[in-house]
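To keep things clear, I will list the structure first and then write my remarks on it.
Bear in mind these aren't lab numbers, they're just calculated from the coordinates by the rules spelled out. In this text the structure is predicted, and so the values were computed from the model without any measurement. No Cβ is skipped: glycine too gets one built from the backbone with ideal geometry, and neighbour counts run over all protein chains shown.
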Amino acid sequence: MVDEKQIREALQIVVHPKLKKSLIDIGMIRNITIKDNVVNLNLALKSERSPLKNVLIRQMEQAVGALPGVSSVQVGVITLSREESEQMFPTAPLKGIEKVKHFLAVASGKGGVGKTTIAVNVALAQQGHKVGLLDADVYGPSIPLMLGISEALDQKENMIIPKEKYGLRIMSLGMTAGQNEAFIWRGPLVFKMIHQLLAQVKWGELDYLVIDLPPWNR
């Protein structure tokens, strides 16, 4: 009669295509039971609608079904808890900010209250540290005008190189679309643009990245 050890050994060949590890080793196969030559076990996934579900179940059934004495394999699907999912599938840091130690965000409910002035002064106050300043106010980026930056941005290896001035590494949408332009944005587009400013700008090693956020009442 087949035992659990044999089943676990057989399932070593079933590998998660993204993690490149055995499902057994990463804890995605659980609750193995054997009764009357029927093997029951569970596959733990992030979602029951996972596109990998059918492929992995088929591989599990083939691996266990090939063992002598196994007449049937029944695979159930359970959902990973949020904590388990985050531990197994940690979110990779955005490429542009993977070497940034601390983030300082400056925000307000409306524009025109001095938010950008505060962001610039906070950045300049970090003397002796490596500091970046991101103008993420996509509605009306004003940091290039405030700091007198008009030079065109450079790119290297598909990454934008921030400008350096006053000991700061500086990036603003106003450096790409005109410093005096007003922008009309909606929530999803704002999120997408800020994500791009974080991911596709080569900030390098920074102790602080100060972010001037857009007003949230727009």
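Things worth noting here:
- Hits in segment 114-136 (condition: more than 18 Å from Leu206 (Cβ to Cβ) and either in contact with a helix residue (DSSP H, G or I) (Cβ under 7 Å, 6 or more places away or on another chain) or free of Cβ contacts under 8 Å to residues at least 24 places away in the same chain (or both)): Gly114, Thr116, Ile118
- Conditions (1) part of a loop (DSSP other than H, G, I, E, B); (2) hydroxyl-bearing (Ser, Thr, Tyr); (3) more than 19 Å from the chain's Cα centre (by Cα): number failed by Ser50: (3)
- Residue match in segment 75-94 (condition: closer than 20 Å to Leu11 by Cα and among the small types (Gly, Ala, Ser)): yes
- Test for Val39: is it part of a loop (DSSP other than H, G, I, E, B), over 33 Å from the mean Cα position of the chain (by Cα) and in contact (Cβ under 8 Å) with a residue 24 or more places away in the chain: no
- When residues of segment 66-100 are limited to those that are hydrophobic (A, V, I, L, M, F, W, C) and within 22 Å of Glu205 (Cα to Cα), the one farthest from the chain's Cα centre (by Cα): Val100
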